[in-house]
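Below you'll find the structure, written out as structure tokens, and then a few comments.
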Amino acid sequence: MISVCMATYNGEKYVRQQIESILIQLGPEDELIISDDASTDRTMEVINEIKDNRIHLLTFKRDKTDMLPVNLVTTNFENALKHAKGDFIYLADQDDVWCENKVAYMQKALDVYDYIVSDCYITDSNLNIKYTTRFDGTVTRNRFKALIAPTPWQGSCAAFRRKVLEKALPFPKDLQSHDRWIGYIGSFMFKYTILDKPLIYYRRHDTNTSSATSGKSNNSLFYKIKTRLFYISHLITRKLK
């Protein structure tokens, strides 16, 4: 069984196209779990208009007294992941589009590996391809360098076995990025690979929520060192559990 987990927030413009690209690739016993973080537009209405019993729409009721410096998208994804029942877990952003062979291709890789992440086409808001790869030389493929350098562990391109999810949950308190966390778990504790084949259209536009946080972005050296030490310390703790 496959569980696709998606986090939504004010995504009415693109979410239908993404959902349709996912559902056409799933079997009758699979599921698409969508956690909505109190959207104020028509996101939930658009989702409810898609009559498919494989969709499980959740309303995320977060603890508003415990938001700093939590990444809002990360906690919303965690809510979806906690409800996943599948043996194989896929992550999906609300505004991308899956290539038609994504699931079939990744399932073959999951016969061998526990955690996989693919390449993607980087597009504009109208899905016109701007770049045919995200590995432009700035993103490392080395799992050790990925603790410091730009990481290859992009959540929207990732899929993994249930045992990876069970090791990753619950997320550490104040986790900044679910992409990194699950990628570190998958690459340091399980058998993993990076696929060179682009399997999603990764839409970039002004309202992307993948980098949304509860506070302002901080690119200082101190902040980067602090966050990397956060991941490393929690990774060691989780490894020992």
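Could you list, in sequence order, the residues of region 74-102 that are assigned to a helix (DSSP H, G or I) and open to solvent by less than 10 Å² (accessible area, probe 1.4 Å)?
T74, N76, F77, A80, L81, K102, listed by residue number.
Table: residues versus (1) among the hydrophobic types (A, V, I, L, M, F, W, C); (2) in a helix (DSSP H, G or I).
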| site | (1), (2) |
| --- | --- |
| W181 | yes, yes |
| Y184 | no, yes |
| I194 | yes, no |
| Y202 | no, no |
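Which members of region 219-229 meet the condition of being farther than 17 Å from F144 by Cβ and either open to solvent by less than 100 Å² (accessible area, probe 1.4 Å) or in contact (Cβ under 8 Å) with a residue 12 or more places away in the chain (or both)?
Answer for region 219-229, where residues must be farther than 17 Å from F144 by Cβ and either open to solvent by less than 100 Å² (accessible area, probe 1.4 Å) or in contact (Cβ under 8 Å) with a residue 12 or more places away in the chain (or both): S220, Y223.
Got a sec? Which of Y105, Y184 is at pLDDT 95 or above, of a type in the set (F, W, Y) and over 19 Å from I19 (Cα atoms)?
Unique residue meeting the criteria: Y184.
Where residues in region 157-175 are surrounded by 19 or more Cβ atoms within 10 Å (Cβ to Cβ) and part of a loop (DSSP other than H, G, I, E, B), which of them is modelled with the lowest pLDDT?
Residue satisfying both the conditions and the ranking: L175.
Against the definition (open to solvent by 40 Å² or more (accessible area, probe 1.4 Å) and either over 16 Å from the mean Cα position of the chain (by Cα) or at pLDDT 95 or above (or both)), how does N10 come out, yes or no?
So N10 passes the test.
Just to check your reading of the model, which residue among K51, K85 is farther than 28 Å from D119 by Cβ, free of Cβ contacts under 8 Å to residues at least 24 places away in the same chain and not polar (S, T, N, Q)?
From the options K51, K85, the qualifying one is K51.
Please work out if I33 is open to solvent by less than 80 Å² (accessible area, probe 1.4 Å) and over 14 Å from the mean Cα position of the chain (by Cα).
no
Can you name every residue in region 159-207 that is among the acidic types (D, E) and under 18 Å from L235 (Cα atoms)?
Scanning region 159-207 gives E166, D174, D179.
The values are calculated or read from the model by the stated rules, or taken from the named source; none is laboratory data. Please read these numbers as outputs of a predicted model, since none were measured by experiment. When we count neighbours, we look across all protein chains shown, and the Cβ atoms used for this are built from the backbone with ideal geometry, even at glycine. Calculation scope for accessible area: heavy atoms of the full protein, side chains included, ligands and nucleic acids excluded. Shrake-Rupley method; radii C 1.70, N 1.55, O 1.52, S 1.80 Å.
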